[in-house]
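All remarks here apply to the structure that follows.
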Amino acid sequence: MSAVETDRQLHNDWSLDEIRALFALPFNDLLFRAQTVHRAHFDPNQVQVSTLLSIKTGACAEDCAYCSQSAKYDTGLEREKLLPLDEVIEAAQAAKSKGSTRFCMGAAWRNPTDRNLDKVIDMITAVRGLGMETCVTLGMLSEPQARRLADAGLDYYNHNLDTSPEFYGNVITTRTFQDRLDTLKSVREAGINVCSGGILGMGETGTDRARMLQELANLSPHPESVPINMLVQVEGTPLYGNDRLDPLEFVRTIAVARILMPHSYVRLSAGRSEMSDETQALCFLAGANSIFYGDRLLTTDNPDADHDHALFARLGINMQTIELESDRQACCGSGQ
Ligand code: SAM
Ligand code: DTB
Ligand code: SF4
């Protein structure tokens, strides 16, 4: 594929048929194409690493059928109030000392109150002060709240579409797909980088996976970061005991995301603890270039740092250090 052909693909009007045609390619053809797109825009042997911390855990009013933190399901999870600032700083320092460049703070809220937001802003300021990038995921945001986070210097806001608009009602009934798009719009308009993706393995069809990617890829501009999660089945949630998704279908979804959103970081997110090293290697070949790093996600396990170091060494992958905007422009142009 020529560079011109690769660049022509940076658009926001992908049709479902085009996306389904990508999914239908022979596996090797799809991975070759994804890797070609990946190499045109990124160092293929570099992976960005982010560390998660749950800053407020459990007792959430929403009914997301995958989630350990919904008050609607008995998952045995211990609830925790908003963490004190010093505990957050300590966790961020530990993540930084292990090589993480971005610290992502997640709260089990439907939406933050303005008082909660004051406290989260103190956390953002402190973590930035350590020289790390910041990301928060706090649920729905109003426009003024998004502007306050932008003023605090927040780098990324994570808010996932989770699945296709058609399958969405099977997973969440307490907020709509449109609510999610509205939050993403507020985040984008405030000038914060958008992190948005979804979950696979919830019982959705292949068409649902294609539709979810279509919704993400037709956001303009594309989300800077696209987390693709494999469902972590949590006992007590409605999705516990679902049939598992074929790992190769997960790899295909990563590859299609890479082709549709060539400049975005595609994150191999939740589910790595239950994935073989070989499946993860295929995800990197398919164009994933970011992971959550550290032995905990929000409430569930993630591979420990030693395991990830060993895997990266076997694959010859480097962990990305914080990239300066001037380097990015020199390497890859200004993006979209
Ligand atoms: N409460 C906020 C919200 O939902 O917007 C932020 C935290 S929430 C845990 C962030 C995202 O994590 C969800 O949108 C979902 O995509 C992902 N997630 C949560 N539980 C998961 C699970 N069991 N398996 C895979 N992904 C999960
Ligand atoms: C995302 O897409 N995945 C992360 C992050 N954004 C906030 C969360 C994964 C959570 C997995 C289940 C848990 O640990 O509770
Ligand atoms: Fe609450 Fe977020 Fe879990 Fe949904 S995903 S139940 S909003 S913490």
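The values are calculated or read from the model by the stated rules, or taken from the named source; none is laboratory data. Everything quoted here is computed from the prediction, not taken from an experiment. Don't worry about glycine lacking a Cβ; one is built from the backbone with ideal geometry, like all the others, and counts go over all protein chains shown. Heavy atoms of the whole protein, side chains included, go into the accessibility calculation; ligands, DNA and RNA do not. Shrake-Rupley method; radii C 1.70, N 1.55, O 1.52, S 1.80 Å.
Just a few scattered comments:
- Enumeration of residues in the stretch 226-253 that are within 15 Å of ligand 2 (Cβ to nearest atom) and not in a loop (DSSP other than H, G, I, E, B): Val226, Pro227, Ile228, Asn229, Met230, Phe250, Thr253
- Residue match in the stretch 156-170 (condition: over 24 Å from Ala95 (Cβ atoms), touching a residue at least 60 places away in the same chain (Cβ under 8 Å) and over 19 Å from the mean Cα position of the chain (by Cα)): yes
- For the stretch 92-125, the set of residues classified as over 20 Å from the mean Cα position of the chain (by Cα) and more than 24 Å from Ala61 (Cα to Cα) consists of Gln93, Ala94, Ser97, Lys98, Asp122, Thr125, listed by residue number.
- Within the stretch 226-270, tally of residues that are more than 12 Å from ligand 1 (Cβ to nearest atom) and open to solvent by 10 Å² or more (accessible area, probe 1.4 Å): 10
- Pair list, Cβ under 7 Å, 6 or more apart: the stretch 1-20 residue among the aromatic types (Phe, Trp, Tyr), other residue modelled with pLDDT of 50 or more: Trp14/Gln214; Trp14/Ala217; Trp14/Asn218; Trp14/Leu260
- In the stretch 271-315, the residues that are more than 16 Å from ligand 2 (Cβ to nearest atom), outside any helix (DSSP H, G or I) and either free of Cβ contacts under 8 Å to residues at least 24 places away in the same chain or open to solvent by 30 Å² or more (accessible area, probe 1.4 Å) (or both): Ser276
- Selection status of Val194, within 13 Å of ligand 2 (Cβ to nearest atom), of a type in the set (A, V, I, L, M), within 19 Å of Trp14 (Cα to Cα) and open to solvent by less than 20 Å² (accessible area, probe 1.4 Å): no
- Listed by position, the helices (runs of 4 or more DSSP H) enclosed by the stretch 2-118 that each have at least 1 residues that are modelled with pLDDT of 95 or more, crowded, with 20+ Cβ neighbours inside 10 Å and out of contact with any Lys or Arg (no Cβ under 7 Å at 6 or more places or on another chain) are 16-23, 27-41, 85-97.
- Residues (free of Cβ contacts under 8 Å to residues at least 60 places away in the same chain, more than 16 Å from ligand 3 (Cβ to nearest atom) and assigned to a strand (DSSP E or B)) located in the stretch 194-225: Val194
- Extreme residue, surrounded by the fewest Cβ atoms within 10 Å (Cβ to Cβ), among residues of the stretch 133-174 that are among the hydrophobic types (A, V, I, L, M, F, W, C) and outside any loop (DSSP other than H, G, I, E, B): Ala150
- Residue within the stretch 80-89 that is in contact with a Ser or Thr (Cβ under 6 Å, 6 or more places away or on another chain) and within 16 Å of ligand 2 (Cβ to nearest atom) present: yes
- Sub-6 Å Cβ pairs linking a first residue in the stretch 231-246 that is over 17 Å from Asp162 (Cβ atoms) to a second residue that is part of a loop (DSSP other than H, G, I, E, B) and open to solvent by 60 Å² or more (accessible area, probe 1.4 Å), at least 6 apart or interchain, are Gly236/Asp74, ordered by first then second residue.
- When the stretch 138-150 is limited to residues that are without any contact (Cβ under 8 Å) to a residue 40 or more places away in the chain and not aliphatic (A, V, I, L, M), the one that is nearest to Ser225 (Cα to Cα) turns out to be Arg148.
- In a residue-by-residue description of the stretch 175-189, the property of being away from ligand 1 (no atom under 13 Å from the Cβ), crowded, with 23+ Cβ neighbours inside 10 Å and either modelled with pLDDT of 95 or more or on the phi < 0 side of the Ramachandran plot (or both) applies to no position.
- Exactly one residue among Leu83, Leu53, Leu77 is free of Cβ contacts under 8 Å to residues at least 40 places away in the same chain and within 16 Å of ligand 1 (Cβ to nearest atom), and that residue is Leu83.
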